[in-house]
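Quick notes on the structure that follows.
The values are calculated or read from the model by the stated rules, or taken from the named source; none is laboratory data. This one's a predicted model, so the numbers in the text were calculated from it and none came from an experiment. Here the Cβ positions follow ideal geometry from the backbone for every residue, glycine too, while neighbour counts run over all protein chains shown. The accessibility values were calculated without ligands, DNA or RNA, using every heavy atom of the protein model including side chains. Shrake-Rupley method; radii C 1.70, N 1.55, O 1.52, S 1.80 Å.
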Amino acid sequence: MCGNQKPLRPIRLSRFTGLLLVVFSLLALVPGCTTEQGTRVAPLSLARIQPGKTTMDEVKQLLGPPDEVKERFGEATWIYDHRVTKGWVFTHITGKTVKISFSSSGVVKQVKSQTTESSEEF
């Protein structure tokens, strides 16, 4: 020890505080539940969509109705947004967003697909 320093005393926890620490430690290890939102787009179905050929009706038959529709200047974009959240204390989120743009005549112009992944602590 140096100078006027007092020796460190051991920390004493009440039984209740100790029990809470054990419970919260165990909860952190519990994987928790899984929730799913939006429309899952199968890669094989997505591969069948061809720009310049596939129509809106055909896309709807392949993928189902979109989660969101945006219209601009007579052209539409259909958005399929799928998210899976796993966990309770520590959450892991994975997702895929598919955007399909149509011409004013209702034929696919462009298909974009983006995956996301993140982890968060509650």
Here's a check for you: in the stretch 60-73, which residue that is open to solvent by less than 50 Å² (accessible area, probe 1.4 Å) and part of a loop (DSSP other than H, G, I, E, B) is nearest to R48 (Cα to Cα)?
G64
Identify the single condition in (1) open to solvent by 40 Å² or more (accessible area, probe 1.4 Å); (2) at negative phi that G38 does not satisfy, given that it satisfies every other one.
(2)
With the structure loaded, tell me whether G95 is modelled with pLDDT under 95, assigned to a strand (DSSP E or B) and either of a type outside the set (A, V, I, L, M, F, W, C) or surrounded by 11 or more Cβ atoms within 10 Å (Cβ to Cβ) (or both) or whether it fails that test.
yes
Consider the stretch 70-92. How many of its residues are without any contact (Cβ under 8 Å) to a residue 24 or more places away in the chain and either within 16 Å of E117 (Cα to Cα) or in contact with a strand residue (DSSP E or B) (Cβ under 6 Å, 6 or more places away or on another chain) (or both)?
2
If you take the residues in the stretch 26-73 that are within 17 Å of Q110 (Cβ to Cβ) and β-branched (V, I, T), which one is modelled with the lowest pLDDT?
V41
So for the stretch 74-90 (the condition being loosely packed, with under 10 Cβ neighbours inside 10 Å and at pLDDT below 95), does at least one residue qualify?
yes
